[in-house]
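The values are calculated or read from the model by the stated rules, or taken from the named source; none is laboratory data. Since the model is a prediction, treat every value here as computed from it, not as a measurement. For neighbour counting, all protein chains shown are included, and Cβ atoms are generated from backbone atoms with ideal geometry for every residue, glycine included. With ligands, DNA and RNA removed, areas are computed over all heavy atoms of the protein, side chains included. Shrake-Rupley method; radii C 1.70, N 1.55, O 1.52, S 1.80 Å.
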Amino acid sequence: LFHDVTIVKGKSAYNDAAAKRLAKILEPWGVRCKETPLADAAKSRKLTEEEARTWCGLVYAGSGQIKPGDSNSPALAGFAVQGPVILLGTPEDNPIIDFLLKERFLPYTPKADNFPGPNRGMLAWQRDGIGPGQESITLIGYDEAGMGEAVGSFYEAAAGIDPLTKYRLPETVNIKPAKSAPGLYPRAAIAWQTLRPDRIRAVWVDKDLLSVVSHDGSMVQYHSDGKAGSSGTLKQSEVEAMVQEKTAPADSSFTALAKKQERVDRLIKFHCGSGGKLAVAYWGGTLRIADSDGRILSEQQLPQDITAMAWLGDTLIAGLADGRVMALESPK
């Protein structure tokens with residue numbers, strides 16, 4: 001954005017070489033750097049009478065408190081350096097950086113023995129820290145190696161280590177939807193779904209009837225076609241007891257099969273097997289259905305985290321954290 005930049009370096013001797021290096025490496029990019037002595041730049045900006053009448057500063061001083069001239073503090077008038085600025089040094093050797101630290105422009109408090117520490121540099125960007133509307137970059141290093149790292153990292157960030165695109169873009173493009181791709185599987189069709197008033201705590205099947213218990217204590221039975229049957233209300237203690245009683249432990253015969261369905265980007269929450277099929281619920285709502293040979297039949301992202309599962313014949317019943325009950329037809 002800026003092609004004329006002022007460098008203001010701290011009093012430490014290693015800042016001299018860093019400032020010259022910075023000006024040299026930015027020159028091919030059309031950025032012209034000039035140095036301003038610290039003693040001159042750290043002064044308060046000189047305000048004209050017209051500016052003083054409407055100037056408010058970083059800290060509001062009240063009507064008539066800001067005077068023309070250079071007697072105002074930098075917190076009111078800004079510093080005596082115009083345009084974009086690059087600051088080199090530390091709060092200890094550069095009073096402008098010390099001002100930015102005290103006024104909380106720096107995201108972290110720099111320390112010689114901690115952060116950035118020996119042989120390490122720190123970069124920070126500010127707006128309005130030097131003056132109203134002015135942008136500045138602060139490069140902090142407590143030794144020569146640290147300042148060298150700060151300058152190098154700043155250049156890499158400005159120039160970009162890698163190009164925006166790895167390959168040359170084609171002049172013409174013809175996009176077609178993919179018919180198949182590794183790692184993509186069909187979705188299990190939703191046979192029916194309903195919504196309960198609270199998180200689903202348990203689902204189980206008894207004599208072709210599906211029972212669903214929600215966290216609020218409501219309990220309802222469903223037929224295989226999704227039509228509701230009898231319902232009732234449980235006390236909270238009864239809910240916990242019912243969940244403990246009706247939540248069947250994982251079938252050990254499916255444990256090894258579930259182990260094969262582990263993913264590097266998902267954690268298995270629990271699994272539920274019946275006949276020759278296994279349903280695996282991952283944290284976050286991902287659902288996978290596989291056969292007894294480990295072949296993945298379907299995989300999809302459900303709207304909410306899965307809190308309970310049961311098989312109703314060849315249909316998987318999934319209870320979700322938002323109270324939804326979904327009946328999913330497993331692919332053959």
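Would you pick out the residues in the stretch 16-31 that are open to solvent by less than 40 Å² (accessible area, probe 1.4 Å) and in a helix (DSSP H, G or I)? Correct list: Ala18, Ala19, Leu22, Ala23, Leu26. For the stretch 259-275, a residue qualifies if it is within 35 Å of the chain's Cα centre (by Cα), surrounded by fewer than 16 Cβ atoms within 10 Å (Cβ to Cβ) and in a loop (DSSP other than H, G, I, E, B), and the qualifying residues are Lys260, Glu262, Val264, Asp265, Leu267.
Within the stretch 143-159, does at least one residue satisfy the condition of being at pLDDT below 95 and either basic (Lys, Arg) or in contact with a helix residue (DSSP H, G or I) (Cβ under 7 Å, 6 or more places away or on another chain) (or both)? Yes: one or more hits. Among residues of the stretch 112-135 that are free of Cβ contacts under 8 Å to residues at least 12 places away in the same chain, those with a beta-carbon under 8 Å from a residue that is open to solvent by 50 Å² or more (accessible area, probe 1.4 Å) at least six positions away or on a different chain give the pairs Phe115/Tyr108; Phe115/Thr109; Gly133/Arg127. Residues that are in contact (Cβ under 8 Å) with a residue 24 or more places away in the chain and open to solvent by 50 Å² or more (accessible area, probe 1.4 Å) within the stretch 199-219 comprise Arg199, Val205, Asp208, His215, listed in sequence order. A single entry from Leu316, Leu287, Leu328, Leu278 fulfils the requirement of being assigned to a strand (DSSP E or B), under 26 Å from Val213 (Cα atoms), touching a helix residue (DSSP H, G or I) at 6+ places or on another chain (Cβ under 6 Å) and modelled with pLDDT of 90 or more: Leu278.
Of the candidates Ala281, Ala256, Ala241, the single residue that is surrounded by 16 or more Cβ atoms within 10 Å (Cβ to Cβ) and not polar (S, T, N, Q) is Ala281.
The residue of the stretch 284-310 that is least open to solvent (accessible area, probe 1.4 Å), among those that are within 24 Å of the chain's Cα centre (by Cα) and among the small types (Gly, Ala, Ser), is Gly285.
Screening Thr233 against (1) of a type in the set (Val, Ile, Thr); (2) under 28 Å from Gln300 (Cβ atoms); (3) more than 38 Å from the chain's Cα centre (by Cα) leaves a single unmet condition, (2). Close contacts from the stretch 32-58, counting a first residue that is more than 17 Å from Asn94 (Cβ to Cβ) and open to solvent by 70 Å² or more (accessible area, probe 1.4 Å) and a second that is modelled with pLDDT under 95 and in a helix (DSSP H, G or I), with Cβ to Cβ under 8 Å and a gap of 6+ residues or different chains, come to Lys46/Ala77; Leu58/Ala75; Leu58/Leu76. One residue stands out among those in the stretch 177-196 that are open to solvent by 90 Å² or more (accessible area, probe 1.4 Å) and not charged (D, E, K, R): the one that is nearest to Ala241 (Cα to Cα), which is Leu195. Candidates in the stretch 74-113 are the residues that are surrounded by fewer than 17 Cβ atoms within 10 Å (Cβ to Cβ) and of a type in the set (A, V, I, L, M, F, W, C); of these, the one that is farthest from Val151 (Cα to Cα) is Ala75.
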